[in-house]
1. I'd like the orientation of helix 2-81 relative to the chain: the angle between its Cα long axis and the longest Cα principal axis, in ° from 0 to 90, rounded to 10.
2. Which distance in nm do the two modelled labels at S8 and T80 give, with both placed 7 Å along the Cα-to-Cβ direction?
3. So the label point goes 7 Å from the Cα of L72 along Cα→C-beta, right? Which residues of segment 31-65 then have their backbone N under 19 Å from it?
4. For the chain, modelled as a GNM with alpha-carbon contacts under 10 angstrom, which of D35, D50, D64 fluctuates the most?
5. GNM, the chain, Cα, under 10 Å: largest mean-square fluctuation among E25, E36, E14?
6. For n ≥ 4 DSSP H runs only, could you compute -39500 (n - 2.57) per run for the chain, divide by its residues and tell me the 222 nm figure to the nearest 500?
7. For segment 29-55, list residues with backbone N below 20 Å from a point placed 7 Å from the Cα of N65 toward its Cβ?
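Read the figures in this text as sums done on the coordinates, not as results from a lab. Source: prediction; values computed, not measured. Every residue, glycine as well, gets a Cβ built from its backbone with ideal geometry; the counts of neighbours run over all protein chains shown.
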Amino acid sequence: MIESVMTSFTAKTESLKRSFDEIAESISSITSAIDEGVKGVNNAASSTQDLVNDMDKIKTRMDDNKRIVGELDNETAIFTKI
């Protein structure tokens, strides 16, 4: 009788341990998925910031080009008056 109770207790304990192991593994998988998601969001944010910086550089260059075109236009206007 005691032996069968102990055997049953051992079996239930082992089953409980397997369940905890599976839960721990599932939690680990969820944590990994969340970490990957966070990395993805961080990468997207970084790429967006890079894009904003590049767009600002393009705008600056376009402003420079517009200024230079204006200067060239003024200089070539002399030739149209001749």
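1. Approximately 0 degrees, to the nearest 10.
2. 10.4
3. Answer for segment 31-65: 58-65.
4. Among D35, D50, D64, the largest mean-square fluctuation in the Gaussian network model of the chain belongs to D64.
5. E14
6. Numbers: 1 runs with 80 residues, N = 82.
One gets -37500 deg cm²/dmol as the mean residue ellipticity at 222 nm.
7. 51-55
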